[in-house]
Amino acid sequence: MLNKQEQQYSAKLLVLSAPSGSGKTTIARALLNMHEDFIFSVSATTRKQRSNERNGSDYIFLSKEEFEQRVLNNEFIEYENIYGEYYGTLKEQIVSALNNGTTVIFDVDVKGAISIKKNFPQETVLIFIVPPSMETLEQRLRGRKTETEERIQTRLNRVPMEMEQQREFDYVIINSDLQQAIEEIENIIQVQLPTNKQ
């Protein structure tokens, strides 16, 4: 585990987390378009790359062997095995961003979000995004047409655990209207980073 940082940074780690299909990735992209000085934390993963994804931009795609070697080298702030695949946040890119005064947006699972907060308690803002209903969540997952039925059921079975973890978060946003959810998170950013430029 990364030792807690004694230094307090002026930048922030804005961590978005939610059950799959809640819209966190879409929200993260919108916020990045609104704040050109923010950067996106690109997670490493062992899952198969999708046709619309770019290596190094959407994810850092690693083999299972490469990922496990990096774990042994203590290169991750956090990592989890989700649906049989590894996901993790590389330590180096986050510490570098904070040292440079750059605010970072994360799109990670709930356990990863809590791990980031434990490592950087002063800098981290946890935002949990809730779908309006389980029915809507399932519709969004099926609408992607990127998952097998088995994978969809695995994701849905994980939702109760994820929803229970929202009490660990600083803010909870219900994404029943995408634009409103983005505006609510933008208001949070203005509170947390009052000197942030529009």
Residue among Val95, Val104, Val108 that alone is more than 16 Å from the chain's Cα centre (by Cα) and within 21 Å of Asp58 (Cα to Cα): Val95
Identity of the residue in region 19-46, modelled with pLDDT of 95 or more and of a type in the set (Ser, Thr, Tyr), that ends up nearest to Gln93 (Cα to Cα): Thr45
Only one of Gln69, Gln49 that is modelled with pLDDT of 90 or more, closer than 22 Å to Arg142 by Cβ and surrounded by fewer than 20 Cβ atoms within 10 Å (Cβ to Cβ): Gln49
Residue within region 162-175 that is without any contact (Cβ under 8 Å) to a residue 12 or more places away in the chain and more than 16 Å from the chain's Cα centre (by Cα) present: yes
Cross-chain or 6+ apart pairs with Cβ under 7 Å, region 69-88 first and farther than 18 Å from Gln49 by Cα and touching a residue at least 60 places away in the same chain (Cβ under 8 Å), then surrounded by 12 or more Cβ atoms within 10 Å (Cβ to Cβ) and of a type in the set (Gly, Ala, Ser): Ile77/Ser115
Residue satisfying all of: in region 35-46; surrounded by 11 or more Cβ atoms within 10 Å (Cβ to Cβ) and either without any contact (Cβ under 8 Å) to a residue 12 or more places away in the chain or touching an Asp or Glu at 6+ places or on another chain (Cβ under 8 Å) (or both); farthest from Gly101 (Cα to Cα) among these: Thr46
Some residue of region 119-136 being free of Cβ contacts under 8 Å to residues at least 60 places away in the same chain, loosely packed, with under 13 Cβ neighbours inside 10 Å and either assigned to a helix (DSSP H, G or I) or among the small types (Gly, Ala, Ser) (or both): yes
Subset of region 55-66 that is loosely packed, with under 10 Cβ neighbours inside 10 Å and within 18 Å of the chain's Cα centre (by Cα) - its residue that is nearest to Ile105 (Cα to Cα): Ser57
Any chance Ile94 is assigned to a strand (DSSP E or B), crowded, with 21+ Cβ neighbours inside 10 Å, out of contact with any Cys (no Cβ under 9 Å at 6 or more places or on another chain) and among the β-branched types (Val, Ile, Thr): no
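The values are calculated or read from the model by the stated rules, or taken from the named source; none is laboratory data. It should be emphasised that the depicted structure is a prediction, and the values quoted were computed from it without experimental measurement. For neighbour counting, all protein chains shown are included, and Cβ atoms are generated from backbone atoms with ideal geometry for every residue, glycine included.
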